[in-house]
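> Starting off with a structure, shown below.
The values are calculated or read from the model by the stated rules, or taken from the named source; none is laboratory data. Since we're looking at a predicted model, the values are computed, not measured. Here the Cβ positions follow ideal geometry from the backbone for every residue, glycine too, while neighbour counts run over all protein chains shown.
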Amino acid sequence: MNAMVLKRKSDKVEKELSKKIKDYKGYQKDKDRKRTDEALKNYVLQQLNAALDISNEVKEKAILTQQIAIWPEVDRITQAIQDAINTVNQTDYLFSTFFEAVNLEGFHLDYLKKLDWEIYLQLNDLPNLVKEFDSAMEGGILSEVDRISNEILKNSQVFQANWKDRQKLITNYQKLGLVSKKK
């Protein structure tokens with residue numbers, strides 16, 4: 001894919017994210033970077049906490065109705081969501097100069113936008129997936145319970161990998177920012 005097509009695709013993703021996530025402005029301007037990062041983090045935590053609340057309700061319901069066969073699945077889902085929350089809360093960019101840099105020359109901004117988009121897609125429906133799990137559990141459709149559980153667990157793993165890649169990308173910008181070009 002040539003650079004021009006990638007740039008247009010990246011700009012389209014950024015525009016779409018700014019419509020879907022409150023205060024998401026993009027990374028082009030240094031004054032918007034921190035706000036955009038915080039907006040994404042707030043969105044992510046909002047989605048994860050909503051899913052965790054629903055999962056805890058499902059867990060309580062499974063216990064009250066003595067659906068013993070479902071308990072391990074609910075525990076795995078709840079733990080996966082809690083692990084994702086912990087991953088986000090442990091985000092540390094160390095001494096990255098990404099947020100203050102005037103020029104992002106050499107930085108993979110298109111890749112960062114792609115990661116943001118993937119994160120959005122993985123979490124956008126997470127609370128609804130947990131609700132679907134609950135409905136399947138109530139209906140006694142074990143094959144559907146298993147399918148949805150696996151989808152939630154897979155999305156959680158992919159989300160965490162993407163979030164860590166995103167953190168690494170921003171953190172590693174310090175190396176680019178600290179390297180000076182000889183004149």
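> Restricting attention to the stretch 92-102, report how many residues are crowded, with 17+ Cβ neighbours inside 10 Å and among the hydrophobic types (A, V, I, L, M, F, W, C).
2
> If you don't mind, there's one more thing I want to ask. For the stretch 93-106, indicate whether the set of residues that are modelled with pLDDT of 80 or more, under 20 Å from Asp30 (Cα atoms) and in contact with a Gly (Cβ under 8 Å, 6 or more places away or on another chain) is non-empty.
Scanning the stretch 93-106 turns up at least one residue that is modelled with pLDDT of 80 or more, under 20 Å from Asp30 (Cα atoms) and in contact with a Gly (Cβ under 8 Å, 6 or more places away or on another chain).
> Leu52: out of contact with any Phe, Trp or Tyr (no Cβ under 8 Å at 6 or more places or on another chain) and farther than 20 Å from Gln160 by Cβ, yes or no?
Numbers: out of contact with any Phe, Trp or Tyr (no Cβ under 8 Å at 6 or more places or on another chain): yes; farther than 20 Å from Gln160 by Cβ: no.
In short, no.
> Have a look at Val102, Val130 and point out the one that is within 21 Å of Ala84 (Cα to Cα) and touching a residue at least 24 places away in the same chain (Cβ under 8 Å).
Every option except Val130 fails the conditions.
> Any residue at all in the stretch 82-91 that's loosely packed, with under 15 Cβ neighbours inside 10 Å, part of a loop (DSSP other than H, G, I, E, B) and either at pLDDT 90 or above or at negative phi (or both)?
yes
> Hey, Asp92 hits all of (1) free of Cβ contacts under 8 Å to residues at least 60 places away in the same chain; (2) under 16 Å from Gln160 (Cα atoms) but one; which does it fall short on?
Evaluating Asp92 over (1) free of Cβ contacts under 8 Å to residues at least 60 places away in the same chain; (2) under 16 Å from Gln160 (Cα atoms) leaves (1) as the failure.
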